[in-house]
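Reviewing the structure listed below.
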Amino acid sequence: MKKIFSRFSPVLLAALLLMPLACKNETLTVMSYNVRYGAANDGDNSWDLRKSATTAMLEKVRPDVFGVQEALPFQIDYILESAPQYKCYGIGRDDGENGERMSVFYNTNRLELEDCGTWWLSETPDVPSKGWDAKYPRTATWALLKDLKCDRELYFVDTHLDHRGKAARREGLLMIVNKVKEMNSDVPMVLVGDFNVEPADSALLALEGLMLDARTTAARTDTTASFNGFKKPLKVIDYIYYNGFSQAREFRVVSEKFDGKPFISDHYPIVAKLKY
């Protein structure tokens, strides 16, 4: 996808002018991680056999904030127990209690949760529902966070778009961005997730002119595919988008082995370092 804004776009310049001076040299490490549905019959790649690799990955990458997709409550509990510096918010996509959770984890040494919520990606976003042509209910989890290093707020949004519904993917992305703009368009925003589309897909046009893709705009970047299917890098379907930051300094796919496991999940985590 082509770059949406030039380095000196009016939107980015305005954000810089409004930003507290203390923030201008700070970077925030953000991550998206599809952990793979923990109840799946994955044999040698089952969650219980690879969960320790997630702990090892977090110890190495040390994201300040990250979103997970496909997580069930016992997977969320494991991450919180094994990495106690994090807290999280996320609810079940089926009815607010049951089903997969798109949970947002934040390091309490760096970030403080000020507000949070969930939207269903549908025509009725405030109630459990399935939207447009989606096969399953899909949600976006949002968190308003305060960066304790420089007294700056940011929105972090985590989602998992439908694997079947083309309209659901396009309309869901547009709804997410518009919802955050309604709350406060001056606050920087990060949007991460498994979008279930490759970079040339028209669904991403919903973000054009609104957000930047860290993979394509980072000063140092990575071309490795993010979905591996427990075999090998296959395709790019996981994304980190942002606005209100001056630069993406780095984007990378976390494809190395952890704790001796060949694959941490059927998706590699993706990480970006964003400069205020």
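No lab work stands behind these numbers, since they all come straight from the coordinates. Everything numeric here is computed off the predicted structure, so don't read it as measured data. Using ideal geometry, Cβ is built from the backbone for each residue, glycine included, and neighbour counts are taken over all protein chains shown.
Rounded to the nearest 0.05, the FRET efficiency derived from the C-beta distance between Thr223 and Leu49 at R0 = 22 Å is 0.15. Rounded to the nearest 20 debye, the dipole magnitude of the range 10-275 is 800 debye, with +1 charges on Lys and Arg beta carbons, -1 on Asp and Glu beta carbons, and the Cα centre as origin.
Give me the dipole magnitude in Debye, nearest 20, for the range 146-224 about the Cα centre, with unit charges on the beta carbon: positive for Lys and Arg, negative for Asp and Glu.
20 debye
Unpaired Cys in the chain, meaning no second Cys C-beta under 4.7 Å: Cys88, Cys116. Calculated mean residue ellipticity at 222 nm for the chain: -6500 deg cm²/dmol, from DSSP H runs with n ≥ 4 weighted as -39500 (n - 2.57), summed, divided by the residue count and rounded to 500. Within the listed set Pro125, Pro137, Pro262, the residue fluctuating most in the Gaussian network model of the chain (springs between alpha-carbon atoms under 10 angstrom) is Pro262.
Of the residues Leu58, Tyr155, Gly209, the one whose Cα sits farthest towards the positive end of the charge dipole of the chain is Gly209 (charges of +1 on Lys and Arg Cβ, -1 on Asp and Glu Cβ, taken about the Cα centre).
The relative contact order of the range 144-248 comes to 28 percent, based on Cα pairs under 8 Å that sit 6 or more residues apart. Here the range 235-276 is scanned for amide nitrogen atoms under 19 Å from the site 7 Å beyond the Cα of His163 along Cα-to-Cβ, giving 235-239, 263-270. In the range 10-275, a dipole from Cβ-located charges (positive for Lys and Arg, negative for Asp and Glu) runs towards its positive end, and of Asn41, Pro199, Met183 it is Pro199 whose Cα lies farthest in that direction.
Listed by Cβ neighbour count within 10 Å, with the fewest neighbours leading, Met175, Met57, Met102, Met183 appear as Met183, Met175, Met57, Met102. Packing, taken as the mean count of other beta carbons within 10 Å per residue, orders the peptides 147-153, 162-168 from highest to lowest as 162-168, 147-153.
Full extension of the segment from Glu208 to Lys179, taken as 0.36 nm per residue of separation minus the current Cα-Cα distance, would add 8.9 nm. Work through the residues other than Phe230 whose Cβ is under 12 Å from its Cβ and net out their charges, Lys, Arg +1 and Asp, Glu -1. Around Phe230, the charge tally is +2. How large is log10 I(q)/I(0) at q = 0.08, 0.10, 0.14, 0.17 Å⁻¹ when the Debye formula is applied to the Cα atoms of the chain, each weighted equally and without solvent? Reported log10 I(q)/I(0), two decimals: -0.29, -0.46, -0.96, -1.49. If I take every Cα pair under 8 Å that is 6 or more residues apart in the chain, average their sequence separation and divide by the length, what percent do I get for the relative contact order? Answer for the chain is 22 percent. Shown is the FRET efficiency for Leu148 and Glu97, computed with R0 = 35 Å from the Cβ-Cβ distance and rounded to the nearest 0.05: 0.65. As a proxy for reagent exposure, Leu28, Leu205 were ordered by neighbouring Cβ count within 10 angstrom, fewest first; the result is Leu205, Leu28. Pairs Lys24/Lys146; Lys130/Lys179; Lys135/Lys166; Lys51/Lys273; Lys51/Lys149; Lys60/Lys87: which exceed 20 Å Cα-Cα? In this structure, Lys51/Lys273; Lys51/Lys149 lie more than 20 Å apart at Cα. Label positions at Leu113 and Lys60, each projected 7 Å from the Cα along the C-beta direction, are separated by 2.8 nm. Placing a pseudo-label 7 Å from each Cα along the Cα-to-Cβ vector at Leu234 and Ala83 gives an inter-label distance of 2.4 nm.
Based on alpha carbons, the Rg and Dmax found for the range 150-264 are 15.1, 45 Å.
The range 21-70 and the range 195-251 have Cα centres separated by 17 Å. Across the range 166-172, rounded Karplus estimates of 3J(HN,Hα) from the backbone phi angles (6.51 cos²θ - 1.76 cosθ + 1.60, θ = phi - 60°) give 5, 5, 4, 5, 5, 5, x Hz, Gly and Pro being marked x.
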